[in-house]
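Structure record follows, encoded as structure tokens.
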Amino acid sequence: MAPQFRRRPEKALPRAGRSEQRPWPGRIPAAVKERDKCGGLCGLNLPLRDLCVSHQESCGVPLLIAAPGGRRGAASPRVVEFVDFYPTLVDLCGLPARPGLDGRSLRPLLTNPSAPWNHAAFTVTARQNQVNSLAVSTERFHTIDYLDGRAPELYDLQADPREWKNLARDAAFAADFARLRRLAAQHRERFVP
């Protein structure tokens, strides 16, 4: 007979708003709801953007971290990736980082949310086991490179956070667009089959 486990009340996670020692767990659902990212954190996030999940409103996910030495209640505008979690945990535990490890430690951002951070985040989308787009996000820009022949897209997230105006053909943004497309090509070469 398989062992049965019962949850012990003293070990249970605190209910929303009922933690004396750490008041933050009860505020996590409210923060997610406030960011309006609660639904569709996985999957196609229908009906946004005509089934395209490469736009920020479809692929952006809020991140909340409580870490030793981190600043309480601090928010950072920096763009990070899930692949950064492991290097962050390794760093916070004081362990040596493996060479060639993907991702970067978020520790500098935990102590100073406005610390210099010149990194991009990448989103690869696929349907029916075929990669169809690669998006690159920075604090200011978001570009989408379609692998099926559709025209690439570039958005200035500061001026156009809803991504309505495609700037890919705007000469004023040619250098930024070229830089992001180089990053996309490097990422594709390394990770996309």
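The residues of the range 139-176 that are closer than 18 Å to Phe191 by Cβ and modelled with pLDDT of 90 or more, listed by number, are Thr143, Ile144, Asp145. Only one entry in Arg169, Arg190 is free of Cβ contacts under 8 Å to residues at least 12 places away in the same chain and either touching an Asp or Glu at 6+ places or on another chain (Cβ under 7 Å) or assigned to a loop (DSSP other than H, G, I, E, B) (or both), namely Arg169. Condition first: farther than 27 Å from Val136 by Cα and either touching a residue at least 24 places away in the same chain (Cβ under 8 Å) or in contact with a helix residue (DSSP H, G or I) (Cβ under 8 Å, 6 or more places away or on another chain) (or both). Now tell me which residues in the range 73-92 satisfy that. Residue satisfying the conditions is Leu92 alone. Residues that are among the charged types (D, E, K, R) and surrounded by 15 or more Cβ atoms within 10 Å (Cβ to Cβ) within the range 58-96 comprise Arg78, Glu81, Asp84, Asp91, listed in sequence order.
Of a type outside the set (A, V, I, L, M), modelled with pLDDT under 90 and under 30 Å from Pro68 (Cα atoms): is that true of Pro99 in this structure? Yes: the conditions hold for Pro99. Listed by first and then second residue, the pairs linking a residue in the range 138-150 that is in contact (Cβ under 8 Å) with a residue 60 or more places away in the chain to a residue that is surrounded by fewer than 16 Cβ atoms within 10 Å (Cβ to Cβ), with Cβ atoms under 9 Å apart and 6 or more places separating them unless they lie on different chains, are Glu139/Pro77; Glu139/Gln158; Ile144/Arg150.
Residues of the range 129-138 that are crowded, with 16+ Cβ neighbours inside 10 Å and outside any strand (DSSP E or B): Thr138 alone.
The values are calculated or read from the model by the stated rules, or taken from the named source; none is laboratory data. Computed from a predicted structure; not experimentally measured. All Cβ positions, glycine included, derive from the backbone under ideal geometry; neighbour counts span all protein chains shown.
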